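Below: one structure, written as structure tokens.
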Amino acid sequence: MSLIIVMLGAPGVGKGTQTRLLAEKYGYPHISTGDILREMAKSDTPLGREVRGVMASGRLVRDEVLAEIILTRTSQPDCANGYILDGFPRTLDQARLLEELALKQGNAILTLKLILPRQALMQRLTGRRTCTKCGRIYNIFLSPPKQEGICDVCGGALAQRSDDRKEVVATRIADYERATKPLTDYYQQSGRLVKIKGDRTVEEVLNDLSAAIDSIDGRRPPKQPVIAG
Ligand code: AMP
């Protein structure tokens, strides 16, 4: 029996960072639907253009597109022993798809939700800058580079993701909260949700997440409740 770990939490809560660390620690592949979609958005095809447009507006990409992404990615051999999902599911329909997939793959699902006050989320997102050369991430409020707009490590130019602009961020957070409330409730009601406070050091948060994973007996058959609606 292997484990599907679902990372929940609003944009900017630190899901990406913690998921990378957990993936390293437990040897699970880290599947970020945001990263996969950003890659897709670069291609000059009708789907690429659609994804680019939806992401730039801060809204959610269609479930059909996500279903295709998840089915394809999780059927790769590196997912055979389990995987960590970052950014998926975001809706009940997506959760329903994941239940079917878990049943087919024989995996148990554990959801870990990182929580942070709204004001802190805004600061984390609008301040985020990424090096266009090496990918290192800064925050102009919390962890600024030594020289404005320049990467400390490689000297590359820092850029802001188009969906991190202030006018888009508020929509992203509101959309996320509205769209995922039923999802969070659902995982809570089925006893598979663990909430972890995100306003502490990276190590402290990682320790709590690891404790939640370690407390699961992954060899037990997964609980497979039916989602209403
Ligand atoms: P993220 O990097 O997870 O914040 O995702 C960035 C953007 O990608 C989101 O604002 C959505 O437009 C899109 N996206 C990522 N994951 C999903 C998903 N599971 N369902 C729908 N849209 C998604």
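Each reported figure results from applying straightforward, stated rules to the coordinates on display, with no laboratory input. As the structure is a prediction and not an experimental result, all values here were calculated from the model. Backbone-built Cβ (ideal geometry, glycine too); neighbour counts: all protein chains shown.
Quick notes
- For residue 185 and residue 26, the FRET efficiency from 1/(1 + (r/R0)^6), where r spans their Cβ atoms and R0 equals 22 Å, is about 0.25.
- Segment residue 104-residue 177, extension gain: residue separation times 0.36 nm, minus the distance between their alpha carbons: 23.3 nm
- Across the cross-link table entries 25/113; 133/166; 113/166; 25/146; 113/197, which are compared at the Cα atoms, the separations over 20 Å belong to 133/166; 113/166; 25/146.
- Separation in nanometres of the label points that stand 7 Å from Cα toward Cβ, at residue 45 and residue 115: 4.1
- Region 1-40 and region 106-152 have Cα centres separated by 14 Å.
- Rounded to the nearest 20, the Cβ-based charge dipole of region 31-92 about its Cα centre (Lys and Arg +1, Asp and Glu -1) stands at 220 debye.
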